1. Starting from the range A:129-158, take each residue that is acidic (Asp, Glu) and list its partners that are open to solvent by 60 Å² or more (accessible area, probe 1.4 Å), counting only C-beta distances under 9 angstrom and pairs at least six apart or across chains.
2. Which residues, counting only those in the range A:31-40, are at the interface with chain B (Cβ under 10 Å from one of its Cβ atoms) and open to solvent by 20 Å² or more (accessible area, probe 1.4 Å)?
3. What tally of residues in the range A:129-153 results from selecting those that are part of a loop (DSSP other than H, G, I, E, B), closer than 18 Å to A:ILE66 by Cα and not β-branched (Val, Ile, Thr)?
4. A:GLY88 versus (1) modelled with pLDDT under 75; (2) in a helix (DSSP H, G or I); (3) open to solvent by less than 50 Å² (accessible area, probe 1.4 Å): which is the lone unmet condition?
5. Sort out which residues of the range A:104-128 are in a helix (DSSP H, G or I), open to solvent by 20 Å² or more (accessible area, probe 1.4 Å) and hydroxyl-bearing (Ser, Thr, Tyr), and write them in order of number.
6. Please go through the range B:24-65 and give me each residue that is among the charged types (D, E, K, R) and within 19 Å of B:MET99 (Cβ to Cβ), ordered by number.
7. Please go through the range A:26-38 and give me each residue that is at pLDDT 90 or above and under 22 Å from B:ARG24 (Cβ atoms), ordered by number.
Amino acid sequence: MQDPAIQEAFIRLVSEHRGMLYKVCRLYCFSASDRQDLFQEIVYQLWRSYPSFRGEARISTWLYRIALNTAISGLRKQRRLITSVDPGRLPTEWHDIQYPAEKEEQLQLLYAAIDKLTEVEKALTMLYLEDKSYQEMEDILGISQNNLRVKMNRIRDKLRKITKADTYGIGKS
Amino acid sequence: MELESLKYIWHSLEAPPVSEQDRRAILATLGRRSQAPVARMRRNLIGEGILLLAAYTPAFFCFLLGFDGRLTVLSWLFVGMAAIFFAYYYRKYQLLNEMQCPTWPIKSNLARQVDTLKKYTRFYLFAGTAMVPLMYFLSYVIIRSKLPNATSALYQRLHPTPWWASPFFWLILLIPMTFCIYFVNAWYINRQYGRHIKKLQELLRELDSE
């Protein structure tokens, strides 16, 4: 598929939604090189599926499905360079964005907490943080809304415990 | 920290501004090959097919044209084996194509991957094990067909049937060898794909559980 008009339309689509794609890569990859690889793989899968997209689902649903399917079922071997979450070493900037110190600290807490979730929990958390309705989450994930609500409650409890433990050292030996 | 306060932080994350470099990077990605495991397996399969063709073609011509035509049957054996291998590679390629459905909902895609990967490994195991008795049988048929016929003096001298021509000898070798190949294949397949299948099943269980 080398039609320049289609390529341009696709590049516009990816550019408009690259924020979401970067967030998926950050959630599922620890190192910058892994994030880069995953981003490229997601873009490749989007490109491959683009010709067959006929608007049966919303564009955001289509994008999320491909991005999350690629991230979750890719099952890359991730080499973790540090074995415990060290907030001082968590990368928080994307490309050249620099955040104020207070925001940096908040971002580190955010990623430290989400890093401890499972792949499925990360997907649910991301969709929740993106303000997706339970209907949309059901379309993307393929699980019932009741099941989603139960899972979200568990994730809330888990994140509360994680952030409390990280802030106050509760539960750590 | 509550999920709601994480939401506030999440929404404040900005995507980097679009640059011409980003556009060029995306364009470059479109021309690249996928590095996903399934895509790599597909490429490996094509590579194996090409290697097979490169190895078998000279062997075919060698036995067809050489040895004063006495071993042409071996050249057709190579053709038969190549045909079997290509059918095997084709089936594997089909299964690999079925494995990836990234536009499906996450749960359906995972379920499809698990089912197809199990079919793939079962086929791999069955074909890898069946190859042994099949090759044995073909080799036995060729050797028996090349033995001197019953009326010749040479055959009379060799009567009773020499031990290496006895079907019983071939059978007692074949059975343990097939068993060994089965277990070696099973071990290898589990080493290559076992962890991946378990991981996918765990993800599915987590999606299904309440």
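The values are calculated or read from the model by the stated rules, or taken from the named source; none is laboratory data. Given the structure is predicted, the values throughout are model-derived calculations rather than measurements. Glycine gets a Cβ as well: all are built from the backbone with ideal geometry, and neighbour counts include every protein chain shown. With ligands, DNA and RNA removed, areas are computed over all heavy atoms of the protein, side chains included. Shrake-Rupley method; radii C 1.70, N 1.55, O 1.52, S 1.80 Å.
1. Within 9 Å, the pairs are A:GLU130/B:HIS11; A:ASP131/B:HIS11; A:GLU136/A:ARG58; A:ASP139/A:ARG58.
2. Selection gives A:GLN36, A:ASP37, A:PHE39, A:GLN40.
3. 3
4. (3)
5. Hit for the range A:104-128 is A:TYR128, nothing else.
6. Residues satisfying the conditions are B:ARG33, B:ARG40, B:ARG42, B:ARG43, B:GLU48.
7. Residue satisfying the conditions is A:LEU38 alone.
Condition check ((1) open to solvent by less than 20 Å² (accessible area, probe 1.4 Å); (2) within 14 Å of chain A (Cβ to nearest Cβ); (3) not polar (S, T, N, Q)) across all residues:
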| site | (1), (2), (3) |
| --- | --- |
| B:PRO105 | no, yes, yes |
| B:SER108 | no, yes, no |
| B:ALA111 | no, yes, yes |
| B:TYR120 | yes, no, yes |
| B:LEU125 | no, no, yes |
